[in-house]
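Reviewing the structure listed below.
Only the coordinates and a few stated rules stand behind these numbers; no lab work does. The structure presented is a predicted model; accordingly, all values stated were derived computationally and were not measured. With ideal geometry, Cβ positions are generated from the backbone for all residues, glycine too; neighbour counts draw on all protein chains shown.
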Amino acid sequence: MSKRYGGKFSPEEGRPPQTPSERGSFRGARRTRAGGRVNLLFFAPLPLAARAFGSGPTELALNLTALGALLLAAWLTREGILAQEAYEARKIARRPAIPRKMFASLLTGLGLGVAGLATSGVSAAPLIYAVLGTALHGFAFGLDPLKDKGMEGVDSFQSDRVARVVDQAEGYLKAMTDAIKRAGDRQAEARLERLQSTVRDMLRTVEDDPRDLTAARKYLGVYLMGARDATIKFADLHARAPNPQARDKYLALLADLEQNFTAKTRALMADSTTDLDIEIEVLRDRLEREGVHLETRDLA
């Protein structure tokens, strides 16, 4: 029988399997849709700038207005897609406060209509451009989420509490990511990504069972805010004058936080399992009092 060759210099030899926390924040990540064709929207209207300065004052004003409307539409489209991706990534989320993609569709139609007016004058052509531009943009990029997303059996007040805490926690994580980039330390960035992955595991656990919010609030609020402040201070210090001792302390802090968040998340999941077992036992007792006898495997 053939045997795979391996030695101490083989890539996989002696390497321990990765734990979930060592896989970084790319675990479960998906490619963003806010690229490619969205970026083309920023370049497509640029010829209007050349046309604007090669004609009279009326055409100048119309072309620049069309250029501004189309660039604003491109920016709103990108922001709308990012907001929708954040909405889809969560199990409990509020709809975006501003329907960015819908406004972008209207601005696209407005920009094309004004550009057509600068070229064709007052006629049916600008109206056709406006209607087609609005419709095609809407078909290409879709509509914004129009309703809040929650879970069955969870009241709106509890869903709003979870959504607010998740939004706040994601804000802390984003601030930490922006700050650590200033330090220019790849190892610190990778270590922070592992912590962020662990924090997001807790966020998903709280979204699965909003009753865990009370137990996790201190972690997602006080501890995460402290981690953000420490990251900002470390990044500022490291950017001015690298300090190996401060760096070691910061990395040790991230490691401690990761362990604490992991332990708390496991405790929350264990509590959820215990609650399920209790509900099953209560249901079994009620059925037996009604004269219905079930095998253990029926409700296990």
To the nearest 0.05, the calculated FRET efficiency linking ALA215 and ARG95 through their beta-carbon distance, R0 being 30 Å, is 0.60
Segment 32-141 -> Rg/Rh from Cα coords, Kirkwood Rh, value 1.06
For segment 209-216, in residue order, the Karplus 3J(HN,Hα) values (coefficients 6.51, -1.76, 1.60; θ = phi - 60°; whole Hz; Gly and Pro = x) are 9, x, 5, 7, 4, 4, 6, 9
With 0.36 nm assigned to each residue of separation and the Cα-Cα distance removed, GLN168 to GLU88 gains 27.1 nm
Calc'd 3J(HN,Hα), segment 105-117, phi into Karplus 6.51 cos²θ - 1.76 cosθ + 1.60 (θ = phi - 60°), Hz, glycine/Pro = x, comes to 4, 5, 5, 4, x, 5, x, 5, x, 5, 5, x, 5
Dividing the mean separation of Cα pairs under 8 Å (6+ apart) by the residue count of segment 99-191 yields a relative contact order in percent of 24
In nanometres, the difference between 0.36 nm per residue of separation and the alpha-carbon distance of ASP229 and ALA135 is 29.3 nm
Diffing segment 47-58: the Karplus 3J(HN,Hα) column from phi (6.51, -1.76, 1.60, θ = phi - 60°), in whole Hz with x for Gly and Pro, holds x, 5, 5, 5, 5, 5, 8, x, 9, x, x, 5
Residues whose modelled amide H sits under 5 Å from the amide H of ALA34, counting only those 5 or more places away in sequence or on another chain, are none
Highest mean packing first, using Cβ neighbours within 10 angstrom, the peptides 97-110, 128-141, 242-255 sort as 97-110, 128-141, 242-255
In this structure, the FRET efficiency calculated for ARG186 and PHE43 from their beta-carbon separation, with R0 = 30 Å, to the nearest 0.05, is 0.40
